[in-house]
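A short worksheet on the structure shown next.
The values are calculated or read from the model by the stated rules, or taken from the named source; none is laboratory data. What you see is a predicted model, and the numbers here were worked out from it, not measured in a lab. Using ideal geometry, Cβ is built from the backbone for each residue, glycine included, and neighbour counts are taken over all protein chains shown. Accessible surface is based on the protein model in full, side chains and every heavy atom, while ligands, DNA and RNA are left aside. Shrake-Rupley method; radii C 1.70, N 1.55, O 1.52, S 1.80 Å.
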Amino acid sequence: MAEDFTPLDCLLSTGTQKICLVILNQPVEPHFFHVLWNKAVIRACADGGANHLYRLTEGERESFLPDYISGDFDSITAEVKNFYLEKKCKLIETADQDLTDFTKCMALMLEEIKKRRVQVDTIVTLGGLGGRFDQIMATVETLFHIQKMSEIPVVVIQGSSLARLLREGRKHQLYVNTGLEAEWCGLIPVGGPCLTSTSGLKWNLDKQVLEFGKLVSTSNTYEKLNGKDERKPVTITTDRPLLWTMGIKTEELNH
Ligand SMILES: Cc1ncc(C[n+]2csc(CCOP(=O)(O)OP(=O)(O)O)c2C)c(N)n1
Ligand SMILES: O=c1ccn([C@@H]2O[C@H](COP(=O)(O)O)[C@@H](O)[C@H]2O)c(=O)[nH]1
């Protein structure tokens, strides 16, 4: 059976996925932030992510209080920390220096979902794909941790990029017709060689091995339905976790 998923449903105000939101320490795109915040059933910030939330919601901060802020608190400023403490937000110190604040924040999110017994379709992370390169690689590593802990799909969004780690051993069917998809997409074998088959792409794979130093599918794009702008669903099977990445149209947002 295929696992059906629409990666950009979460960014549509009319989207149907029930989501949770995690804000990391990176600049946040205001339009996407508002769409996601309004829909999220649980909202969290990882450490310096709270600084971005604070800045973005100036003048209306009390309407945008996260359910918790977690981290080793080496990035959240004293002003921001005091504000959210005063507003009685939960601040959870996760001091462990063997895991990133993102990984620890996600582990807490999974606990919170269980505790509240809410049904969640997707956990959306804002940030994680920009800034420090070690942190970008750590983001990908966090996706491996979370995949072992939960079946809930996690998407990471920053700027005009989305990333999601596809699970091994099942067929993924991705719907890419929301209107927000940009032209490019890619399949990156981040954890080792992936025996991969696809359909719905311009450059498909037929039981081919994706592997660094051999073949990595970057700058791919979608096959069009009857040559029109509409796209077929993309199907992907892989024998190992494989990173799906795609572009998001953001140009219209600035006009
Ligand atoms: C082998 C190894 N390398 C590096 C580290 C250090 N380390 C890994 S995760 C982590 C916490 C990072 O926290 P985060 O807030 O995500 O990043 P920061 O902005 O503080 O660098 C640290 C210090 C380690 N524990 N083990
Ligand atoms: O350049 C960066 C810096 C951070 N992140 C992500 O944000 C969290 C929290 O970061 P702090 O610096 O501790 O506030 C971190 O775990 C990363 O996931 C990032 O993506 N890029």
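In segment 183-255, what GluC sites (Glu not before Pro) fall in a loop by DSSP, with at most 12 other Cβ atoms inside 10 Å?
Passing sites in segment 183-255 are GLU230.
Cα axis of helix 101-116 to longest principal axis of the chain: angle in degrees, 0 to 90, nearest 10?
80 degrees
For ILE42, what is the net charge nearby, where nearby means another residue's Cβ is under 14 Å from its Cβ and Lys, Arg count +1, Asp, Glu -1?
Summing Lys/Arg as +1 and Asp/Glu as -1 gives +4.
Per residue, how many Å² of accessible area does segment 1-48 show with a 1.4 Å probe?
Value for segment 1-48: 37 Å² per residue.
How many angstrom lie between the C-alpha centres of segment 174-233 and segment 23-37?
If you average the Cα positions of each part, the centres end up 26 Å apart.
Quick check: from the Cα gyration tensor, does the chain come out rounded (a/c under 1.5), prolate or oblate? Walk me through the intermediate numbers first.
Values: a/c = 1.99, a/b = 1.59, b/c = 1.25.
The shape class here is prolate.
Just by accessible area at a 1.4 angstrom probe, what is the order of TYR54, TYR68 from largest to smallest? If you can, show how the numbers build up before the last one.
Numbers: TYR54 30, TYR68 5 Å².
In descending accessible area the options line up as TYR54, TYR68.
What length, rounded to one decimal in nm, is gained on full extension from GLU141 through to LEU225, with 0.36 nm per residue of separation minus their alpha-carbon distance?
Extra length from GLU141 to LEU225 when fully extended: 26.7 nm.
Using 0.36 nm per residue, how much length does the chain from ASP121 to VAL41 gain when fully extended, once their Cα-Cα distance is taken away?
27.7 nm
Which far-off residues, 5 or more places away or on another chain, put their amide H under 5 Å from the one on ALA182, with H placed in the peptide plane?
GLY247, ILE248, LYS249
LYS207 to MET1: extension gain in nm, 0.36 nm per residue of separation minus the Cα-Cα distance?
72.3 nm
Using only Cα atoms and rounding to the nearest 10 degrees, what angle (0 to 90) does helix 133-149 make with the longest principal axis of the chain?
In the chain, helix 133-149 runs at an angle near 80 degrees to the longest axis.
Residue by residue through segment 81-88, what is 3J(HN,Hα) from phi via Karplus (6.51 cos²θ - 1.76 cosθ + 1.60, θ = phi - 60°)? Round to whole Hz and write x for glycine and proline.
Values per residue, Gly and Pro as x: 4, 5, 4, 6, 5, 4, 7, 6 Hz.
Go ahead and estimate [θ] at 222 nm for the chain from helices alone: -39,500 (n - 2.57) per DSSP H run with n ≥ 4, summed, over the residue count, rounded to 500. Before the final figure, lay out each step's value.
Working: 5 runs with 60 residues, N = 255.
Dividing the helical sum by the residues of the chain leaves -7500 deg cm²/dmol.
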